[in-house]
1. Search segment 490-507 for residues being part of a strand (DSSP E or B) and in contact with a Lys or Arg (Cβ under 9 Å, 6 or more places away or on another chain), and hand back the single one that is surrounded by the fewest Cβ atoms within 10 Å (Cβ to Cβ).
2. Return the total of residues in segment 87-143 being at positive phi and either more than 22 Å from the chain's Cα centre (by Cα) or not small (Gly, Ala, Ser) (or both).
3. Which count do you get for residues in segment 22-36 that are without any contact (Cβ under 8 Å) to a residue 24 or more places away in the chain and either open to solvent by less than 30 Å² (accessible area, probe 1.4 Å) or within 30 Å of PHE607 (Cβ to Cβ) (or both)?
4. Can you confirm whether segment 258-267 contains a residue that is part of a strand (DSSP E or B), buried (at least 23 other Cβ atoms within 10 Å of the Cβ) and either modelled with pLDDT of 95 or more or in contact with an Asp or Glu (Cβ under 8 Å, 6 or more places away or on another chain) (or both)?
5. Might you check whether a residue that is more than 23 Å from ILE402 (Cα to Cα), without any contact (Cβ under 8 Å) to a residue 12 or more places away in the chain and open to solvent by 10 Å² or more (accessible area, probe 1.4 Å) occurs anywhere in segment 155-164?
6. Cβ-Cβ distance below 6 Å, separation of 6 or more or different chains: which pairs start in segment 39-64 with a residue that is farther than 27 Å from LEU155 by Cβ and in contact (Cβ under 8 Å) with a residue 40 or more places away in the chain and end on one that is open to solvent by 20 Å² or more (accessible area, probe 1.4 Å) and among the acidic types (Asp, Glu)?
7. So which residues in segment 527-540 are open to solvent by less than 20 Å² (accessible area, probe 1.4 Å) and closer than 19 Å to LEU468 by Cβ?
8. So how many residues does segment 235-252 have that are crowded, with 24+ Cβ neighbours inside 10 Å and either in a loop (DSSP other than H, G, I, E, B) or out of contact with any strand residue (DSSP E or B) (no Cβ under 6 Å at 6 or more places or on another chain) (or both)?
Amino acid sequence: IETDMLHASIAFVRSYKEYYSNMSPVIYQSLVVYGRVLNRPDYVHDGIRRTEELLRRQFFVDGMWMEGSHSYHQQAIGLLQGVFQAAKGYSDPVDVTPEGGGPRLVDLDMQRDLPFVRKATQAAAALAFPDGRVVAVHDTWPGRGQKPTARNEALLLPGMRHARLARGEAEAAMQAHLHFGGGHGHQHGDHLNLILWAQGRELLNDIGYTHTAWRAWVVRSLAHNTVVIDQTNQHTAGIGGNVTLFAPLTADLQAVEAQSLVAYPGRASEYRRRLLLVGVGPADAYLVDVFRVAGGSRHDWVLHGSADLPQEVTLSLPTTPVPGNLIGTDAVVELPRSESSRGTFPPGLDAAYAFPKDLEAATTPEAWSATFAFTDGPGPHLRVDVLGQPGTQVCRMRSPSIRNAGENDAELPKHAMPSLMARRVAAAGPLESAFVAVHQPYAERPILRSVRSLLPPGGAAAPVGLRLEHDAGVDVILSAPARPAAPLAVAVDGLRLECDGRLGFVRLVNGIAVRAVLIGGTRLSGPGVALTSPAPALTAPIAAMRRDANTGAFAIVLEGPLTLPPWQPGVAGIVTHGDGSTHGCIVKDVTTEGDRVVVHLADDPGFDLDAEGNTTWLYFHPEERTAGRPSFSLEAVVLHAATP
């Protein structure tokens with residue numbers, strides 16, 4: 001039995017090239033178990049080595065499984081737990097030298113001894129709403145069952161490429177998720193997708209996983225809260241988009257921005273979304289949402305309400321019914337009858353456009369608003385105020401919500417969710433759009449009395465200025481995709497404000513600034529406030545990396561001398577690799593050593609440099625090597641607060 005079955009079976013398994021899949025831990029556990037039973041330390045070491053390689057090669061640096069799916073992450077972690085338990089307490093015999101000359105194992109506990117195991121085990125908590133419901137990104141089964149993070153706070157998953165803005169606890173908790181990851185299996189077309197949770201419910205949803213006949217709807221871009229260019233699905237393969245800003249300054253002021261040109265390669269010259277979470281009192285907050293798009297000739301900005309509970313959406317515009325679906329009345333359409341069938345759709349158009357129904361539309365260049373309201377009794381509302389753009393068609397419709405069908409194909413047509421689409425079409429040439437919205441969840445009455453634009457509508461590169469009035473005062477927000485060539489100047493209630501940064505925020509009470517923030521600039525001025533910085537950012541090539549996973553000490557070394565602007569712990573410094581891709585590193589401290597600046601990081605950056613410093617390579621998935629010297633940038637952050 002030992003020789004002809006057990007040892008022979010293990011030899012057979014070990015003869016194959018390692019695939020490193022989410023099911024591989026079953027093999028690793030078997031190697032450890034057989035090694036302990038048969039007194040073969042080499043089997044045990046092989047199982048542990050493969051486990052460590054799986055953790056390094058198939059998990060992102062932030063601890064998430066490489067497919068970016070909560071469900072598949074938990075499956076992989078669950079099977080790895082079997083390896084951890086099988087290996088726990090193992091010690092090598094004293095007379096055995098491990099193969100390859102590695103250290104002897106003594107009283108092994110992988111969960112205790114390997115810091116990355118703890119990170120991978122805890123990573124999924126970032127993808128949980130405060131009530132334990134799962135954030136259903138990619139092929140993730142929605143529902144409860146995930147213990148959320150201990151604190152409802154802003155988080156960045158730099159490897160998965162997902163960010164969460166968050167504030168408040170219990171009934172006052174709010175989360176806004178921005179996803180900009182790519183595809184490594186089980187992905188959806190969800191670049192720059194927004195998921196919003198507030199007032200105890202998911203208000204802007206991601207449907208998640210399904211094996212029903214209408215999976216073709218769920219995986220496509222139109223089913224997500226994003227922008228679709230030219231009625232085509234996003235490109236999803238590859239590493240994903242780039243974080244360009246992550247600044248959770250306080251519980252009441254948090255910002256994130258990502259750019260995903262890879263979503264529409266060769267078609268989009270700009271594809272960028274910025275979110276700003278602003279608190280108004282202990283229980284309320286609103287979300288400013290700026291989506292900039294350039295390229296193609298048709299832009300469809302989409303929002304989807306609740307996929308769980310009945311809901312209606314009302315518009316501030318008078319609408320007229322639109323016959324048929326988004327494809328047209330004469331199109332030949334047959335929806336898929338099973339998960340494996342393709343259905344029948346007109347050539348050249350994304351199949352997702354055949355699914356929405358009950359269309360009503362209006363056209364306006366002016367600002368408009370919509371309110372999502374639950375119809376199953378008392379429940380939160382979501383009001384969305386949208387700035388005007390020339391030639392905007394606003395469409396109200398109902399889309400498949402999938403979840404309540406219970407994976408039963410016959411039930412699919414019975415369940416729908418309210419959806420909105422703002423469409424712009426170019427008569428000639430590439431189209432530029434800036435979809436600017438303010439999302440405000442509320443229980444009884446809107447928290448914002450008014451939302452007004454301070455600048456004329458512009459294209460994808462134009463700055464945005466907002467005046468927002470509420471019970472706590474008047475907020476002024478100036479947002480530019482990059483530092484403007486000249487300071488932005490706006491008049492607010494007879495007062496003048498100027499800002500030369502990427503983001504400026506001022507809260508006025510009785511015409512005096514009581515709170516102000518400048519990000520990525522040198523000057524923000526107004527009544528009662530004058531914020532300055534000697535430089536808009538700390539930017540320099542990376543000279544060296546310091547990485548000690550055992551002690552948790554990580555740092556980026558920059559060549560000097562450099563001017564260090566004011567900054568805030570917890571913001572992300574942006575690493576730009578030689579190919580232009582970026583990822584964020586949370587900054588813990590900044591010190592100097594002679595002419596050098598040392599940026600101390602809160603976590604493993606997950607990459608290192610070659611000896612010459614001209615190539616970066618990722619330790620973790622996807623293990624890419626990128627030619628070119630990387631650079632590092634840390635935006636200036638200047639804060640002002642006063643008692644009104």
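1. Within segment 490-507, the first condition is being part of a strand (DSSP E or B), and the residues that meet it are 490-492, 495-499, 503-507.
This time we only want the ones that are in contact with a Lys or Arg (Cβ under 9 Å, 6 or more places away or on another chain), so: 490, 492, 498-499, 503, 505-507.
Values: VAL490: 21, VAL492: 19, GLU498: 16, CYS499: 31, LEU503: 25, PHE505: 27, VAL506: 29, ARG507: 27.
Here the residue is GLU498.
2. Total satisfying the criteria: 5.
3. 3
4. Going through segment 258-267, the residues part of a strand (DSSP E or B) turn out to be 258-259.
From what is left, the residues that are buried (at least 23 other Cβ atoms within 10 Å of the Cβ) are 258-259.
Checking the rest, the ones that are also either modelled with pLDDT of 95 or more or in contact with an Asp or Glu (Cβ under 8 Å, 6 or more places away or on another chain) (or both) come to 258-259.
Looking through segment 258-267, at least one residue is part of a strand (DSSP E or B), buried (at least 23 other Cβ atoms within 10 Å of the Cβ) and either modelled with pLDDT of 95 or more or in contact with an Asp or Glu (Cβ under 8 Å, 6 or more places away or on another chain) (or both).
5. Scanning segment 155-164, I find no residue that is more than 23 Å from ILE402 (Cα to Cα), without any contact (Cβ under 8 Å) to a residue 12 or more places away in the chain and open to solvent by 10 Å² or more (accessible area, probe 1.4 Å), so the answer is no.
6. ASP42/GLU99
7. Just the residues of segment 527-540 that are open to solvent by less than 20 Å² (accessible area, probe 1.4 Å), to begin with: 529, 531, 533, 535, 537-538, 540.
Within segment 527-540, just VAL529 meets the criteria.
8. Qualifying residue count for the region: 1.
The values are calculated or read from the model by the stated rules, or taken from the named source; none is laboratory data. Just so we're clear, the structure is a prediction, and the values are computed from it rather than from any experiment. Every residue, glycine among them, receives a Cβ derived from its backbone with ideal geometry; neighbour counts consider all protein chains shown. Side chains are part of the model used for accessible areas, which takes the heavy atoms of the whole protein and leaves out ligands, DNA and RNA. Shrake-Rupley method; radii C 1.70, N 1.55, O 1.52, S 1.80 Å.
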